[in-house]
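In what follows, a structure is listed as structure tokens, so that the remarks can point back to it.
The values are calculated or read from the model by the stated rules, or taken from the named source; none is laboratory data. Quantities reported herein were computed from a predicted structural model and do not represent experimental measurements. With ideal geometry, Cβ positions are generated from the backbone for all residues, glycine too; neighbour counts draw on all protein chains shown. Heavy atoms of the whole protein, side chains included, go into the accessibility calculation; ligands, DNA and RNA do not. Shrake-Rupley method; radii C 1.70, N 1.55, O 1.52, S 1.80 Å.
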Amino acid sequence: ILLLALGVFLGLNLTSPPAAEALLIGTQQEIEIGKGVAKDLEKKYGLVNDPELQARVARIGASLAAVSDRKDLPYSFKVLNSKEVNALAIPGGFIYVFKGLTDYMPSDQELAGIIGHEVGHVVKKHTVVQIERSLAVGVLFAILFGNSNVAILGDLVSNALMAGYSREAEREADALGVVHTMRAGYNPYSSLIGMEKLEALSEKSNYGLFSTHPDTANRMKAIREQINNDFK
């Protein structure tokens, strides 16, 4: 049994597919997971009581989702009532920006760069793959210890959603963020402008976007090169 369990773990984890090729969780399952997490987030933080701001963020987000390579999702874009300078991409197309981010980046161009990046995470299914890997670990423990407690698997899903992305995943989302903003008609430098503002703020802060978005200087360099190459 131990060898079988290890085989399951190694097969699902070490050879897990790239983000765009997640295999275990289908689109409808992804959406249902996202609905649950979105509900919990809104309960925890609350939504900003500013219809104009909510409509503006929803408009920007919809324009970016419309040019993405995953149009089969019920995208929503909302502002959470928190002063954190942060944004979150939830599986299924549920994307949140924090009020602190909208205050720090007041222009549509800047917000488009950040939101386009978050849409990139959804397109590449980065969190879905993290969930699949966590579930693989849950299967291993269930086999080894005979524990079928659903709550344990629920915790694994929550941990996967809150975990930081890998550098590779961040670079993929950066690249798609540029593509999305360009396709939607925003300034192609909006992603770079937003990143530069985050880099400046990171010297004063150690939370929010900075704790989960590593290697900012190299990412800025890659974005600049991508923009320059696309405009040649």
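Pop a pseudo-label 7 angstrom from the Cα along the beta-carbon direction at both Gln29 and Asp69 and give the gap in nm to one decimal.
Distance between the two pseudo-spin positions: 2.2 nm.
Sort Thr27, Thr127 by accessible area with a 1.4 Å probe, largest first.
Thr27, Thr127
To the nearest 10 square angstrom, how much accessible area does Arg59 have with a 1.4 angstrom probe?
For Arg59, solvent-accessible area is about 120 Å².
Quote the accessible area belonging to His117 in square angstrom, nearest 10, computed with a 1.4 Å probe and with ligands, DNA and RNA left uncounted.
Rounded to the nearest 10, the figure is 20 Å².
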